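The values are calculated or read from the model by the stated rules, or taken from the named source; none is laboratory data. Since the structure is predicted, the reported quantities are computational estimates derived from the model, not experimental observations. Note: ideal-geometry Cβ built from the backbone for every residue, glycine included; neighbour counts use all protein chains shown.
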Amino acid sequence: MKPRYFVAGNWKLNKGAAESATFMKALSGALPAGAARDIDVVIAPPFTSLPAALGPGPKDVSLAAQDVFWEDRGAFTGEVSASMLRELGVRYCIVGHSERRLYFQETDRMVNLKTCALLRNGIRPIVCVGERSDDRRAGTMQSVVKFQLSSALFDVSIKGPDELVIAYEPVWAIGTGNVATPRQAEDMHEIIRRTLEKCFGVDIGSRVRILYGGSVNTDNIGGLVDMDNINGALIGGVSLDLDKFIRIITLISQKE
Ligand code: 13P
């Protein structure tokens, strides 16, 4: 049996507090009946919008942060810790997004430290991995993704499959309109699945949700989530549009 589907909207650097509150309120009214009971729905607004998004949102929609620092406190100007996120009521946190790796020089080691800090504080990491177009051209995409994943999960232990989410986001597909085909995505998800089974044993590893991200839209979501190891999506641009985001949730809930 496939694990429960998971849909997350990564708003990146979009929507301030007021706009986030308006969106969450509208989401409350527009979610198809029972959808958020059958699917995990998560929104990741910018840090400063988290408190505003928390209040008016549907009770069964969870919030994610887009990043975290690995220390709990100290002289680290500008950083936000996992314990601070937990205090706000944040349940998930994206780590290792390719934009952080690219623009903020985030390394595999940092992704591992952040993953451990989140788990230590009871927040579920959404760990992003994905190759660049050069890697795919060179045929090294599988080893690149395997290395990113095993580095991120070094010394990580989980008690159940829901404590961790993986997002496969090929860099060449993000914000380009150039979505991976369901077959391309599934091939990589199978490799990720085997790595998870090796790390956590088959019982847990076979049930950790693996999301696909990169130019997901209302037309391509159906074909993607039909694949055995694609358990949902991490959605950028399209998640900013309430109607399209709802449409995606509706389409996935019809797969249940
Ligand atoms: P797009 O859906 O805009 O391609 O972004 C994907 C992404 O980066 C989600 O984290």
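Here is a list: Leu85, Leu27. Which entry is without any contact (Cβ under 8 Å) to a residue 40 or more places away in the chain and either more than 21 Å from Leu234 (Cβ to Cβ) or surrounded by 17 or more Cβ atoms within 10 Å (Cβ to Cβ) (or both)? Leu85 is the lone residue from the list that is without any contact (Cβ under 8 Å) to a residue 40 or more places away in the chain and either more than 21 Å from Leu234 (Cβ to Cβ) or surrounded by 17 or more Cβ atoms within 10 Å (Cβ to Cβ) (or both).
Could you check segment 142-185 and list, in sequence order, the residues that are of a type in the set (Asp, Glu) and either buried (at least 21 other Cβ atoms within 10 Å of the Cβ) or over 18 Å from the mean Cα position of the chain (by Cα) (or both)? Outline the logic, then answer.
Of all residues in segment 142-185, those of a type in the set (Asp, Glu) come to 155, 162-163, 169.
Hits for segment 142-185 are Asp155, Glu169.
Hey, could you check segment 95-110 for residues that are within 16 Å of the ligand (Cβ to nearest atom) and not in a loop (DSSP other than H, G, I, E, B) and say which is surrounded by the fewest Cβ atoms within 10 Å (Cβ to Cβ)? Residue satisfying both the conditions and the ranking: Tyr103. A single entry from Asp203, Asp219 fulfils the requirement of being out of contact with any strand residue (DSSP E or B) (no Cβ under 6 Å at 6 or more places or on another chain), assigned to a helix (DSSP H, G or I), surrounded by fewer than 16 Cβ atoms within 10 Å (Cβ to Cβ) and not small (Gly, Ala, Ser): Asp203. Each residue in segment 1-59 was checked for being in a loop (DSSP other than H, G, I, E, B), touching a strand residue (DSSP E or B) at 6+ places or on another chain (Cβ under 8 Å) and modelled with pLDDT of 90 or more, and 6 pass. In this structure, Tyr92 does satisfy being hydroxyl-bearing (Ser, Thr, Tyr) and surrounded by 18 or more Cβ atoms within 10 Å (Cβ to Cβ). Restricting attention to segment 196-255, and to residues there that are basic (Lys, Arg) and modelled with pLDDT of 95 or more, which single residue is farthest from the ligand (Cβ to nearest atom)? Looking at the filtered set, the residue picked out is Lys198.
Yes or no, residue by residue, for (1) under 23 Å from Val202 (Cβ atoms); (2) among the β-branched types (Val, Ile, Thr):
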site	(1), (2)
Thr77	no, yes
Met84	no, no
Gly96	no, no
Thr107	no, yes
Met110	no, no
Arg132	no, no
Gly160	yes, no
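Against the test of being within 16 Å of the ligand (Cβ to nearest atom), acidic (Asp, Glu) and in contact (Cβ under 8 Å) with a residue 12 or more places away in the chain, the options Glu169, Glu186, Glu190 yield a single qualifying residue, Glu169. Ser81 falls short of the stated requirement of being of a type outside the set (Lys, Arg), away from the ligand (no atom under 16 Å from the Cβ) and more than 20 Å from the chain's Cα centre (by Cα). Against the conditions (1) farther than 15 Å from Val42 by Cα; (2) small (Gly, Ala, Ser); (3) in a helix (DSSP H, G or I); (4) in contact (Cβ under 8 Å) with a residue 40 or more places away in the chain, Gly175 satisfies every one except (3).
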